[in-house]
Structures are given as C-alpha cells and as structure tokens.
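The values are calculated or read from the model by the stated rules, or taken from the named source; none is laboratory data. Quantities reported herein were computed from a predicted structural model and do not represent experimental measurements. Here the Cβ positions follow ideal geometry from the backbone for every residue, glycine too, while neighbour counts run over all protein chains shown. Areas reflect the complete protein model, heavy atoms only, side chains present, ligands, DNA and RNA absent. Shrake-Rupley method; radii C 1.70, N 1.55, O 1.52, S 1.80 Å.
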Amino acid sequence: MEILNIKDEYIKLGQALKLSGLAGSGVEAKEAVQNGEVKVNGETTLQRGKKLYHGDAVEYHGSAFQIHAGRV
C-alpha cells in the first residue's frame, strides 16, 4: 500500500485521489466516487468531499494508499 503524505490534519477524498495520481482530474475523481468505485477504510463512499485523516485507507481500481497527516 502506498503512503500519501499530507501537511494538514485532513484532505478531502477528491483531492487525495488527484494528489495520489489515481485520478487525472477533479472530474475523474468526482465520477469515480459518484459511481461507487472508491472505498475508504473498506467501505464504498459516495462523498467526494469526505475528509480523510491520518491512517485512513483508500482503494480505487485495484490500487490503494493510506493517509499520513502531519508527518511529512
């Protein structure tokens, strides 16, 4: 599982998908979430603006990353 380091306390799901490179654009991230293709901590989420905190894990199209906040 890849690690996504962020400087802030949290990052929104759509931003995290773009930053990780799993989504090429905000539109792609939005569509993936709306289509139920993204899981956060093992559960499908439909909230593109969902806040992700340290330790949260995201899965999309067979790839996964974990959030590491404030540990850059």
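If I ignore ligands, DNA and RNA and count only protein heavy atoms, how much of GLU37 is accessible to a 1.4 Å probe, in Å² to the nearest 10?
The value for GLU37 is about 70 Å².
As a test, work out the antiparallel percent of DSSP beta bridges whose residues both lie in the chain, rounded to the nearest 5.
Beta bridges within the chain, antiparallel portion: roughly 70 percent.
Under 15 Å from a point 7 Å along the Cα-to-Cβ line of HIS68: which residues of the range 8-42 have their amide N that close?
Answer for the range 8-42: 8, 20.
Could you work out [θ]222 nm for the chain from helices alone, using -39500 (n - 2.57) per DSSP H run of at least four and dividing by all its residues? Round to the nearest 500 deg cm²/dmol.
Calculated mean residue ellipticity at 222 nm is -6500 deg cm²/dmol.
Between TYR53 and ASN5, 0.36 nm times their residue separation minus their Cα-Cα distance comes to what?
My answer for the length gained is 16.2 nm.
Hey, what do the phi angles of the range 27-43 turn into as Karplus ³J(HN,Hα) couplings, whole Hz, using 6.51/-1.76/1.60 and θ = phi - 60°, x for Gly and Pro?
In residue order, the calculated couplings are 5, 5, 4, 4, 5, 4, 5, 4, 7, x, 8, 10, 10, 10, 6, x, 10 Hz.
Label the chain by shape, choosing from rounded, prolate and oblate, from the square roots a ≥ b ≥ c of the eigenvalues of the Cα gyration tensor; if a/c is under 1.5 it is rounded, and otherwise prolate applies when a/b is larger than b/c, oblate when it is not. Each step should come with its number before you reach the end.
On the way: a/c = 1.61, a/b = 1.49, b/c = 1.08.
Prolate, because a/c is 1.5 or more and a/b exceeds b/c.
Using a 1.4 angstrom probe, figure out how much accessible area the range 15-71 has per residue, in square angstrom, rounded to the nearest whole. Each step should come with its number before you reach the end.
Values: 3250 Å² over 57 residues.
Roughly 57 Å² per residue, with all protein chains present.
Percent of accessible area on the chain owned by carbon and sulfur, 1.4 Å probe?
Summing carbon and sulfur atoms, their accessible area is 41 percent of the total for the chain.
In nanometres, what is the gap between the two model label sites at ASN41 and VAL27, each 7 Å from Cα along Cα-to-Cβ?
Those two pseudo-labels are separated by 3.3 nm.
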